[in-house]
Amino acid sequence: MMDIMDLKLPFIVAIILFWSVYVLLRTTNQKGLLFYWGLSLSNSGELFKRSLPIALILMASLIFYGLYIKPIHWSIHILFVLIIYPIWGLIQQFLMMSLFAGNLMDLSNKRNNNLVILLCTSILFSMVHYPSWPLMAVTFFMALIYAALFLRYRNIIPLGVFHGILGGLFYFIILGRDAWIDFVAKYVK
């Protein structure tokens, strides 16, 4: 909807505010919910150590591609993306991993039906990135990795940060789009 209506920034801000308020209200009354959703620091250090090598390889690959394979015009706007986009990445990880994959795990009575959960989560995450076929392909495979890590460590904080950084680089380098211009420039004059 945000692409069709060309309201990307208002859409993203509204979604971030809505889900932030939702998490705040729900966790005020229910102890342990932050841990259950993967929004605590528990296991985040271990997950960070496990996912850092993957993230660094992917970041280096994207940067190498942007420098040598298909040289792009670098802009200071990439800093905006790398600082702000991890917040959006965390929200997306919350929706896909904490709510969707977590609820699928609960529905399966924790029978370790992980392959079905991984595939369902990855397919859905890919579909929400339609109509960009390159983005759909990448998000499918990244969701496989992220869902497997989430199910093992039950934490989304490092996943959200890496999602934001990798997503921002992909958007800028592979898709050749400047998020500052696409999302913010028409509102800030």
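The values are calculated or read from the model by the stated rules, or taken from the named source; none is laboratory data. Here the structure is a predicted model, which is why all the values come from computation and not from measurement. Reconstructed Cβ throughout: ideal geometry from the backbone, glycine too, with neighbour counts over all protein chains shown.
Residue pairs whose Cβ atoms lie under 7 Å apart, sitting 6 or more positions apart in sequence or on different chains, and linking a residue in the stretch 47-68 that is modelled with pLDDT under 90 to a partner that is outside any helix (DSSP H, G or I), are Gly66/Ile72.
Conditions tested, residue by residue: (1) more than 17 Å from Leu9 (Cβ to Cβ); (2) assigned to a helix (DSSP H, G or I).
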residue	(1), (2)
Gly89	no, yes
Leu99	yes, yes
Ile117	yes, yes
Leu149	yes, yes
Leu169	yes, yes
Arg177	no, no
Phe183	no, yes
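Of all the residues in the stretch 129-151, those that are in contact with a Leu (Cβ under 9 Å, 6 or more places away or on another chain) and without any contact (Cβ under 8 Å) to a residue 40 or more places away in the chain number 5. For the stretch 12-42, the tally of residues that are under 18 Å from the mean Cα position of the chain (by Cα) and polar (S, T, N, Q) stands at 2.
For the stretch 152-189, the candidate set comprises residues that are among the aliphatic types (A, V, I, L, M) and without any contact (Cβ under 8 Å) to a residue 60 or more places away in the chain; within that set, the residue that is farthest from Met96 (Cα to Cα) is Val188.
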